[in-house]
Amino acid sequence: MALRKGFLMDDTKTRIILAATKAVRQYGLEGMRIQNVSDLAGVSPGALYRYFDGKTHLILETFTYVDKQAAAIFDHVKFNPLTMLTNPMGAVKELWLPYFRFWVTHPDETVFYHRFRDSAFFPEYNETRDITYFHTFIGMVRLFKKVFPALDRINQDLLWLHVLTSTVMYAKYVVEGVLPNTPETEDTIFHLLTTGLSGYLKPEKPPKTKKPKKP
């Protein structure tokens, strides 16, 4: 497998990581074994252990790799900030749709990502993980919050968990054939995810100044 653009990594290590996503999709997170991964990667178990200490290390490295790929989507999104004022929900969709389509076009990564986030591995890992590679996306979120201060009234953890978890879950349904991969599916999922959000996407009006009383 070729090294994907933007991720400088030893080719063998990349093959092992991508094989791990396939193995988890086939055998589950608990059922996946080092031998499964080495077979899919076309390397010996000994070669795999030169890069990873064991199964847990491999799973964590694989999640980070996939997470960075997903974050890189936002580095290439053509986003016009003016759209936030003229069509706020359209601006949200400009950001969401490439992200959703990334998952749909990477089925092994999608199933792996969904299973890892739902596993016992994730809570402890999430407490210490570095998410600075989401800097572009974080910058876009800050811009939205600057234009629409009402967004600060939403519990931020709840909001992003809803959007992220639901997006990956629906993408998983698409790659597993439960939902059709069509524009109609995309539109329906986006509507479900963002119902109720439109009320927060309104610029705050400046406070009215009282006219001075005539003497």
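The values are calculated or read from the model by the stated rules, or taken from the named source; none is laboratory data. What you are looking at is a predicted structure, and each value in this text was computed from that prediction instead of being measured. Counting neighbours? That spans all protein chains shown, and the Cβs are built from the backbone with ideal geometry, glycine included. All accessible areas refer to the heavy atoms of the entire protein, side chains included, with ligands and DNA or RNA removed. Shrake-Rupley method; radii C 1.70, N 1.55, O 1.52, S 1.80 Å.
Things worth noting here:
- Scope the range 74-94; condition hydrophobic (A, V, I, L, M, F, W, C) and crowded, with 18+ Cβ neighbours inside 10 Å; matching residues: Phe74, Met84, Ala91, Val92
- Each residue in the range 123-159 was checked for being among the charged types (D, E, K, R) and either under 15 Å from the mean Cα position of the chain (by Cα) or under 16 Å from Leu82 (Cα atoms) (or both), and 6 of them qualify.
- Entry remark, the range 97-118: residues being more than 12 Å from the chain's Cα centre (by Cα) and open to solvent by 50 Å² or more (accessible area, probe 1.4 Å) number 3 in total.
- Near pairs, Cβ below 7 angstrom, 6+ apart or cross-chain, from the range 1-19 (under 19 Å from Gln35 (Cα atoms) and hydrophobic (A, V, I, L, M, F, W, C)) to any residue that is at pLDDT below 95 and open to solvent by 80 Å² or more (accessible area, probe 1.4 Å): Leu18/Met1
- Criterion: closer than 23 Å to His76 by Cα, open to solvent by 40 Å² or more (accessible area, probe 1.4 Å) and not basic (Lys, Arg) - qualifying residue of Phe144, Phe121, Phe137: Phe137
- Contact map, the range 141-159: residues that are under 17 Å from Thr194 (Cβ atoms) and free of Cβ contacts under 8 Å to residues at least 60 places away in the same chain paired with residues that are open to solvent by less than 30 Å² (accessible area, probe 1.4 Å) and not hydroxyl-bearing (Ser, Thr, Tyr), Cβ distance under 6 Å, separation 6+ or inter-chain. Pairs shown: Lys145/Leu151.
- Scanning the range 105-148 for residues that are aliphatic (A, V, I, L, M) and under 28 Å from Glu176 (Cα atoms) turns up Val111, Ala120.
Residue by residue, here is whether (1) under 30 Å from Lys146 (Cα atoms); (2) of a type outside the set (Phe, Trp, Tyr); (3) touching a Ser or Thr at 6+ places or on another chain (Cβ under 9 Å) holds:
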{"site": "Asp11", "(1), (2), (3)": "no, yes, no"}
{"site": "Ile17", "(1), (2), (3)": "no, yes, yes"}
{"site": "Thr21", "(1), (2), (3)": "no, yes, yes"}
{"site": "Lys55", "(1), (2), (3)": "no, yes, no"}
{"site": "Ile59", "(1), (2), (3)": "no, yes, yes"}
{"site": "Pro81", "(1), (2), (3)": "yes, yes, no"}
{"site": "Met84", "(1), (2), (3)": "yes, yes, no"}
{"site": "Trp96", "(1), (2), (3)": "yes, no, yes"}
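- Top-ranked residue of the range 164-184 - restricted to ones that are of a type outside the set (Asp, Glu) and free of Cβ contacts under 8 Å to residues at least 12 places away in the same chain, ranked as farthest from Asp108 (Cα to Cα): Pro183
- The number of residues in the range 155-174 that are open to solvent by 30 Å² or more (accessible area, probe 1.4 Å) and among the β-branched types (Val, Ile, Thr) comes to 2.
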